[in-house]
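Participant: Just dropping this structure here.
The values are calculated or read from the model by the stated rules, or taken from the named source; none is laboratory data. Since we're looking at a predicted model, the values are computed, not measured. Ideal geometry is used to build each Cβ from the backbone, glycine not excepted, and the neighbour counts take in all protein chains shown. Just the protein is used for accessible areas: all its heavy atoms, side chains included, with ligands, DNA and RNA removed. Shrake-Rupley method; radii C 1.70, N 1.55, O 1.52, S 1.80 Å.
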Amino acid sequence: MHALTNTLKTFLDSSPAFTESFTALVRIALPILSLLILSGAFLSLFTLPRGKEVFARLTLANASASYPVNHLEALIGRSNSADIVLNDKSVDRIHATISGNGHDEWVIYDIDSKTGTYVNDQEVTDGYPLHYGDRIRFGSVETVFQPVHSSEEAAVLRVRRGVRPLPPWTALILLSIMQALLCIQLVIAKNAQATFNIVSVFVGFTLLMWVYFSVMKLFRVSGFELEIIAFYLNSICLSVTATCNWTLLPKQLLSIPLGIILMLVIGRLLADLDRIRRYRWIMAALALALMAITLLLGSFKNGATNWIRIAGFSFQPSELAKLCYIFAGSATLDRLFRKRNLGLFLALSFSIILSLALMNDFGTAAIFFVTFLVISFLRSGDFATLLLMLGGAVSAGSLVLAAKPYIWARFSTWRHAMEYASEGGYQQARTLTAIASGGLFGTAPGGGFLKRVVASDTDLVFGIICEEWGLIAAILAVLCIIALSAFAIRTAMSCRSSFYMIAACSATTMLIFQTALNVFGCTDILPLTGVTFPFVSNGGSSMFLSWGLLAFLKAADTRPGASFVYRSTDRAQRRRLRDVSAMEGEEDWDVDDDEGGDEE
């Protein structure tokens, strides 16, 4: 391998005309390949099923109306924000919630209603088991809890089966071509000592992609748009790492399969709502433990004491704490809207944010706070409470600025980076210059000057992309995160459970907010906070977080075969629906088709 890479480097160095032409080709090819790879993924990503699942029905006792239960946590009340709206004065705005686990096991909770909730004339004081055929009274409104008819299940499934995600192979071939071009271009740009690392890492990364897609297809999984976008951004990450510090390439490559394994492990946990109920308190405790360990054993780096060093490796526990926080904060499952649960979540959030403040990691604290606001609103729907919290945060921020003058120094150069180009605005001034020099097509990977500035591969990575890949590719990288977020928001309303909806929206909040802080910090629209660009910035902790967040988005996916949670339906249900289809003159259901395996 060393001999081959040395031969390649010798050939390229001895052919200046070829290398000059190749670099010119790469500058044009990278934006074109990016457009081809991402356009197909974006279009396929928004081909979502239109039909909502129906798990049960709540029918008025006089049979004058019947309400579908479209989520495994259905809010019942007089408010228009409830899933099932009962327009009766005896019903509270948010009266009760019905919670299921996807296996025809249901529990009903009264949410401190004034007139009470009764099942078969028994008052519901806490979680009360609910069975099909039970009579439920909300105030003076009598209802009956009924199973969904098989024909209704069949209608929804028929719509879902018609949605076919785009096969990944074309995008995978284009990604492989792009990585081959990147590899050769970086070998041209770097010295002979870097050649072996560059070639071996890019070959290994290309093989990793093909192995991942092939193995997942063996398990009859479809719908890889999220992974295609992630692998595209990872390609940029390896290019930036090779440009700035090629010795870190093997470590950065290793973080990608570890991140994928983390995504699959989280996906396994998310596939079962009962498992989520059992693990939510463990995740909350783990998040607090990670913060406590960092406070006790953390090392100081880049202005914050938020790093743990073990056997020559360093990582940020706060990145893993973000995943635990979303898991614990989104798990509303059995007591949605309960004040006690919201109070515990508030205590968890305050503890984490205070810990980060003590570490001087205010960028990460801001990410946690924004995510906290999103989860709190989705769990309570109360704007007044959020405004009160926001006011408290502004007051706390003012106190921090008064107590930590060096933080205010960052704001003193904000919007004036060029005026303080040799002082506090040094990094942003160089980044703005690099962005301008890159133009539409960039200088080609390895050919920029921003790599000489501190943190160019992490905090300033957007500037590196603009300079070396060009403005077109930089905009596409940002659009990748926007597309992931738009997909999560669009699919959230058809999620099986409120957990998946809240978790997906929380994950996309972190992705969008981190990207905004990175991009706007580089361009001096916001102060530079030292926050990474998801999937792109160099660093194992950031890569773990990015792939872990992707698990929450895949759990919210409602396309057959594409989700960790929904694989068209389980075999027992498909056999039941096959009989309905046969009676209606439809084609026989294929129990073992290619849409995906069984549910967990």
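Participant: Among residues belonging to the stretch 257-301 that are in contact with a Lys or Arg (Cβ under 7 Å, 6 or more places away or on another chain) and assigned to a helix (DSSP H, G or I), point out the one that is most open to solvent (accessible area, probe 1.4 Å). Reasoning before the result, please.
Facilitator: Applying the first criterion (in contact with a Lys or Arg (Cβ under 7 Å, 6 or more places away or on another chain)) to the stretch 257-301 yields 267, 269, 299.
Now drop any that are not assigned to a helix (DSSP H, G or I), which leaves 267, 269.
Numbers: 267: 3, 269: 29 Å².
This residue is 269.
Participant: Out of everything in the stretch 45-64 that is at pLDDT 85 or above and either surrounded by 12 or more Cβ atoms within 10 Å (Cβ to Cβ) or of a type in the set (Asp, Glu) (or both), what residue ends up being nearest to the chain's Cα centre (by Cα)?
Facilitator: Result: 55.
Participant: So which residues in the stretch 487-511 are under 16 Å from residue 42 (Cβ atoms) and either without any contact (Cβ under 8 Å) to a residue 60 or more places away in the chain or in contact with a strand residue (DSSP E or B) (Cβ under 6 Å, 6 or more places away or on another chain) (or both), if there are any at all? Write out each step before concluding.
Facilitator: To start, the set of residues in the stretch 487-511 that are under 16 Å from residue 42 (Cβ atoms) comprises 487-491, 508, 511.
If the condition is that a residue be under 16 Å from residue 42 (Cβ atoms) and either without any contact (Cβ under 8 Å) to a residue 60 or more places away in the chain or in contact with a strand residue (DSSP E or B) (Cβ under 6 Å, 6 or more places away or on another chain) (or both), then 489, 508, 511 are the ones that fit.
Participant: Using the structure shown, decide if residue 41 is surrounded by fewer than 13 Cβ atoms within 10 Å (Cβ to Cβ) and of a type in the set (A, V, I, L, M).
Facilitator: No.
Participant: Going by the conditions given, is residue 537 open to solvent by less than 10 Å² (accessible area, probe 1.4 Å) and not in a helix (DSSP H, G or I)? Give the derivation first.
Facilitator: Details: open to solvent by less than 10 Å² (accessible area, probe 1.4 Å): yes; not in a helix (DSSP H, G or I): yes.
Yes.
Participant: Under 8 Å between Cβ atoms, which residue pairs at least 6 apart in sequence (or on different chains) link something in the stretch 129-149 that is farther than 14 Å from residue 110 by Cα with a partner that is polar (S, T, N, Q) and open to solvent by 70 Å² or more (accessible area, probe 1.4 Å)?
Facilitator: 132/146; 133/146; 142/62
Participant: Can residue 121 be described as more than 29 Å from residue 490 (Cβ to Cβ), open to solvent by 20 Å² or more (accessible area, probe 1.4 Å) and at pLDDT 90 or above? Walk me through how you get there before you give the answer.
Facilitator: On the way: more than 29 Å from residue 490 (Cβ to Cβ): yes; open to solvent by 20 Å² or more (accessible area, probe 1.4 Å): yes; at pLDDT 90 or above: yes.
In short, yes.
Participant: When you go through (1) part of a helix (DSSP H, G or I); (2) modelled with pLDDT of 90 or more; (3) not aliphatic (A, V, I, L, M) one by one for residue 115, which number turns out not to apply?
Facilitator: Unmet condition: (1).
Participant: Which residues, counting only those in the stretch 230-256, are open to solvent by 20 Å² or more (accessible area, probe 1.4 Å) and hydrophobic (A, V, I, L, M, F, W, C)? Write out each step before concluding.
Facilitator: Step one: of the stretch 230-256, the residues open to solvent by 20 Å² or more (accessible area, probe 1.4 Å) are 244-248, 250-251, 253-254.
Result: 244, 246, 248, 253, 254.
Participant: Can you name every residue in the stretch 4-18 that is closer than 18 Å to residue 190 by Cβ and open to solvent by 20 Å² or more (accessible area, probe 1.4 Å)? So that I can check it myself, show each step before the final result.
Facilitator: Our first condition is that a residue be closer than 18 Å to residue 190 by Cβ; within the stretch 4-18, this holds for 4-16, 18.
Correct list: 4, 6, 7, 8, 10, 11, 13, 14, 15, 16, 18.
Participant: Just checking, which of 430, 452 is among the charged types (D, E, K, R), open to solvent by 30 Å² or more (accessible area, probe 1.4 Å), under 20 Å from residue 247 (Cα atoms) and without any contact (Cβ under 8 Å) to a residue 40 or more places away in the chain? First the steps, then the outcome.
Facilitator: Details: 430 fails: under 20 Å from residue 247 (Cα atoms).
Unique residue meeting the criteria: 452.
Participant: Mind telling me which of the residues 345, 337 ends up being at pLDDT below 85 and at positive phi?
Facilitator: Values: 345 fails: at positive phi.
Residue meeting the stated conditions: 337.
Participant: Let me ask something else. Just checking, how many residues over the stretch 512-522 are closer than 18 Å to residue 370 by Cα and touching a residue at least 60 places away in the same chain (Cβ under 8 Å)? Break it down into steps so the answer makes sense when it comes.
Facilitator: So the first thing to find is which residues in the stretch 512-522 are closer than 18 Å to residue 370 by Cα, and the list is 512-521.
Retained after the next criterion (residues that are touching a residue at least 60 places away in the same chain (Cβ under 8 Å)): 513-514, 517, 521.
Qualifying residue count, the stretch 512-522: 4.
Participant: OK, next. Considering each residue of the stretch 19-38, count those that are open to solvent by less than 50 Å² (accessible area, probe 1.4 Å) and within 35 Å of the chain's Cα centre (by Cα), and give that number.
Facilitator: 9
Participant: Does any residue of the stretch 48-59 turn out to be farther than 25 Å from residue 201 by Cβ and without any contact (Cβ under 8 Å) to a residue 12 or more places away in the chain? Show your work before the answer.
Facilitator: First, pick out the residues of the stretch 48-59 that are farther than 25 Å from residue 201 by Cβ: 48-59.
Those left that are additionally without any contact (Cβ under 8 Å) to a residue 12 or more places away in the chain: none.
No - not one qualifying residue is present in the stretch 48-59.
Participant: Can you go through 110, 88, 104 and tell me which one is buried (at least 18 other Cβ atoms within 10 Å of the Cβ) and of a type outside the set (S, T, N, Q)? First the steps, then the outcome.
Facilitator: Details: 88 fails: buried (at least 18 other Cβ atoms within 10 Å of the Cβ); 104 fails: buried (at least 18 other Cβ atoms within 10 Å of the Cβ).
Answer to the check: 110.
Participant: Just wondering, is there one or more residues in the stretch 66-80 that are open to solvent by 80 Å² or more (accessible area, probe 1.4 Å), more than 18 Å from residue 135 (Cα to Cα) and more than 31 Å from the chain's Cα centre (by Cα)?
Facilitator: Step one: of the stretch 66-80, the residues open to solvent by 80 Å² or more (accessible area, probe 1.4 Å) are 78, 80.
Checking which are more than 18 Å from residue 135 (Cα to Cα) leaves us with 78, 80.
Narrowing further to those that are more than 31 Å from the chain's Cα centre (by Cα): 78.
Taking every residue of the stretch 66-80 in turn, at least one turns out to be open to solvent by 80 Å² or more (accessible area, probe 1.4 Å), more than 18 Å from residue 135 (Cα to Cα) and more than 31 Å from the chain's Cα centre (by Cα).
Participant: Within the set of pairs 6 or more residues apart or between chains, which connect a residue that is small (Gly, Ala, Ser) and modelled with pLDDT of 90 or more inside the stretch 201-223 to a residue that is open to solvent by less than 60 Å² (accessible area, probe 1.4 Å) and part of a helix (DSSP H, G or I) with Cβ atoms less than 8 Å apart?
Facilitator: Final answer for the pair search is 204/253.
Participant: Looking at 507, 474, 503 in this structure, which one is under 26 Å from residue 421 (Cβ atoms), open to solvent by less than 10 Å² (accessible area, probe 1.4 Å) and within 22 Å of the chain's Cα centre (by Cα)? Spell out the reasoning first.
Facilitator: Working: 507 fails: under 26 Å from residue 421 (Cβ atoms); 503 fails: under 26 Å from residue 421 (Cβ atoms).
Of 507, 474, 503, the one residue that is under 26 Å from residue 421 (Cβ atoms), open to solvent by less than 10 Å² (accessible area, probe 1.4 Å) and within 22 Å of the chain's Cα centre (by Cα) is 474.
Participant: For residues that are surrounded by fewer than 24 Cβ atoms within 10 Å (Cβ to Cβ) and in contact with a Leu (Cβ under 7 Å, 6 or more places away or on another chain), scanning just the stretch 211-229, find the one that is nearest to residue 34 (Cα to Cα).
Facilitator: The qualifying residue nearest to residue 34 (Cα to Cα) is 226.
Participant: Here's something else I'd like to know. With respect to residue 305, is the statement that it is among the polar types (S, T, N, Q) and modelled with pLDDT under 85 true?
Facilitator: Values: among the polar types (S, T, N, Q): yes; modelled with pLDDT under 85: yes.
Spelling it out, residue 305 is indeed among the polar types (S, T, N, Q) and modelled with pLDDT under 85.
Participant: Something else now. Give just the number: which of (1) modelled with pLDDT of 75 or more; (2) over 30 Å from residue 331 (Cβ atoms); (3) surrounded by 15 or more Cβ atoms within 10 Å (Cβ to Cβ) does residue 367 not satisfy?
Facilitator: (2)
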